[in-house]
Amino acid sequence: MSSGDPKDYESAKFLAENDKYQFEWWAIRMLGAQGKEYKKGADRGIDGIVNFTDGAGEYKRAVISVKGGASTPGNALRDLRGTMEREKAVSGILVTLVPPTGPMKREMADAGRWTSTLHPDRSFPVLQVLSAQDLLDGKLPEIPTWGMDTGTRAKKVVEKPEQGNMFDE
């Protein structure tokens, strides 16, 4: 994260309300994903992509869409599903300013799960929604290469060197 990145929900909301493109970039960086080239305009439903290996020579991708509005359009997940099909992605990740609604949760459940070649004992959601607060809390999407613990990122440790006394010999 850079020093100007949101550190709390109110800052994320302010960014989303004042510069939707910077909010998109912030969300993509928080996920550690590859962002689209910075061009304002039509993005064909893709704000970021995660390409990953799911076994020997087997490559898969997840597409990311970011919505920074105070409410998320009801068709956002359906649109993301269409983008996934067009891009041949196994997972779609929708990042929103606000938490997912009940209908969004039902749509995620209805989309089902896919089984990883790399982790055959585990399945992963086809559609996922992460809110800005989820990102601030360090939550990551369920993707095989991001490990089996999809909870939080490691905290950055900054060690302060002890300052010596210049009068001590």
Could you list, in sequence order, the residues of the range 62-75 that are crowded, with 22+ Cβ neighbours inside 10 Å and hydrophobic (A, V, I, L, M, F, W, C)? ALA62, VAL63, ILE64, VAL66
Quick one: count up the residues across the range 106-133 that are free of Cβ contacts under 8 Å to residues at least 24 places away in the same chain and either surrounded by 15 or more Cβ atoms within 10 Å (Cβ to Cβ) or basic (Lys, Arg) (or both). 2
Sort through PHE124, PHE52 and tell me the only one that's touching an Asp or Glu at 6+ places or on another chain (Cβ under 9 Å) and among the aromatic types (Phe, Trp, Tyr). PHE124
Give the residue that is nearest to LEU31 (Cα to Cα), with candidates limited to residues of the range 72-98 that are over 18 Å from the mean Cα position of the chain (by Cα) and among the small types (Gly, Ala, Ser). GLY82
Filter result (within 28 Å of GLU10 (Cα to Cα), part of a loop (DSSP other than H, G, I, E, B) and at pLDDT below 85) within the range 34-69: LYS36, GLU37, TYR38, LYS39, LYS40, GLY41, ALA42, ASP43, GLY45
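State the number of residues belonging to the range 85-97 that are part of a loop (DSSP other than H, G, I, E, B) and surrounded by fewer than 18 Cβ atoms within 10 Å (Cβ to Cβ). Before the answer, list the steps.
First, the residues of the range 85-97 that are part of a loop (DSSP other than H, G, I, E, B): 88-90, 97.
Still in the running and surrounded by fewer than 18 Cβ atoms within 10 Å (Cβ to Cβ): 88.
Residues meeting the conditions: 1.
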Give just the number: which of (1) without any contact (Cβ under 8 Å) to a residue 60 or more places away in the chain; (2) surrounded by 22 or more Cβ atoms within 10 Å (Cβ to Cβ); (3) within 15 Å of ILE143 (Cα to Cα) does TYR59 not satisfy? (2)
Which condition breaks for GLY138 when tested against (1) surrounded by fewer than 18 Cβ atoms within 10 Å (Cβ to Cβ); (2) not in a loop (DSSP other than H, G, I, E, B)? (2)
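The values are calculated or read from the model by the stated rules, or taken from the named source; none is laboratory data. All figures in this text were calculated on a predicted structure; none of them were measured in a lab. All Cβ positions, even for glycine, are placed from backbone atoms using ideal geometry, and neighbour counts span all protein chains on display.
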